[in-house]
Every structure is written in C-alpha cells, then in structure tokens.
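Only the coordinates and a few stated rules stand behind these numbers; no lab work does. From a predicted model like this one, the values you see are computed outputs, not experimental measurements. Heads up, the Cβs are rebuilt from the backbone with ideal geometry, glycines too, and the neighbour counts pull from every protein chain shown.
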Amino acid sequence: MILTQPAIRPAPRVLAAALLLSMLLLAAVSPVLAADKEVVHQLRVYKLLDETREAFHERFRDHAQRIMARYDFHIVAMWESRTDDAIEFVYLLEWPDEETMKNRWDAFMADQEWSDIKAETSRIHGQFVGGIEDRTLLLTDYSPNGALLPAK
C-alpha cells in the first residue's frame, strides 16, 4: 500500500505570480549597479474577454506597443496567463524611477492617436478588457538583480 499526501494547490494567482517572478529572476541580465537602485518595475495584468481576445492582441501589438515606444516605455516581456476563470495578458515594464513612470503614462494616455485607436477599435469590437491590475515593484536592498534590460 502506497501512502500519499493530499496535493496542496496554491491559488491560481499566487501560482501565476510565483511563475512570473521566477521567470524574471532567470531573465535578469545585469547586476545591480549603484545607478540601478532607483529602477522601478511595473507589472500590468489585463483580464481579457474571450470574444475580443484576438482583437485586443492585435491592438496591443500593432498600436499600443508602437505608441508606448514613442514615450520610452521599456517593455521587458509579455505573457498570456490562464487561470480557472480568466485569460490574462500580463506584461512587465522597466522605468528609471517612479516619477518617469507616472509622467510617461500621463503622456501616453493623453496621446491623440491612442485615444482615436481605442475609440475606433472599441466601436468595432466592443469592450476589450474586463479589468486591469497595476503594480509598481520596487527593488529591495537585498535583491540579487537590478535592471532587467541592458543599459543603453
């Protein structure tokens, strides 16, 4: 007779967060430098709607990403995550500091081309996102890695 312990399953969001953080640590490419101490990462999670999922990806890939680049958004990586009840689009941004992050987001959200694209694609396809989670990630003083992107 083989005795087994019951499986302990973490909540899907906890598992997804642990997986993302593990991937980030593996993807780190540069050691912490004195100048990197202010580096800020931003984790954005969009709950996608099944009926507009493909249109969302097309809009992000073809428009949002291009317009974000105009405002020096540094996208580290993008993922699609599945939980028991949702499909999520997750991406990680890297910023030199919190003030820059806030200013660049303000500029992006005020961009007329982005406003027009959002209005037009929403008119055609309807709602794209069921919710957005936004987290600002600040490095601890004992974090093994700072910037995830190579210095320019």
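If you take the alpha carbon radius of gyration of the range 46-138 and divide it by 2.2 N^0.38 Å, what ratio comes out, to two decimals?
Details: Rg = 13.6 Å, N = 93, 2.2 N^0.38 = 12.3 Å.
Dividing the Cα Rg of the range 46-138 by 2.2 N^0.38 Å gives 1.10.
For the range 46-138, with only Lys/Arg (+1) and Asp/Glu (-1) charged at the beta-carbon, what is the dipole magnitude about the Cα centre, in debye rounded to 20? Before the final figure, lay out the partial values.
Working: 12 positive and 21 negative charges, 33 e Å.
Dipole magnitude for the range 46-138 comes out near 160 debye.
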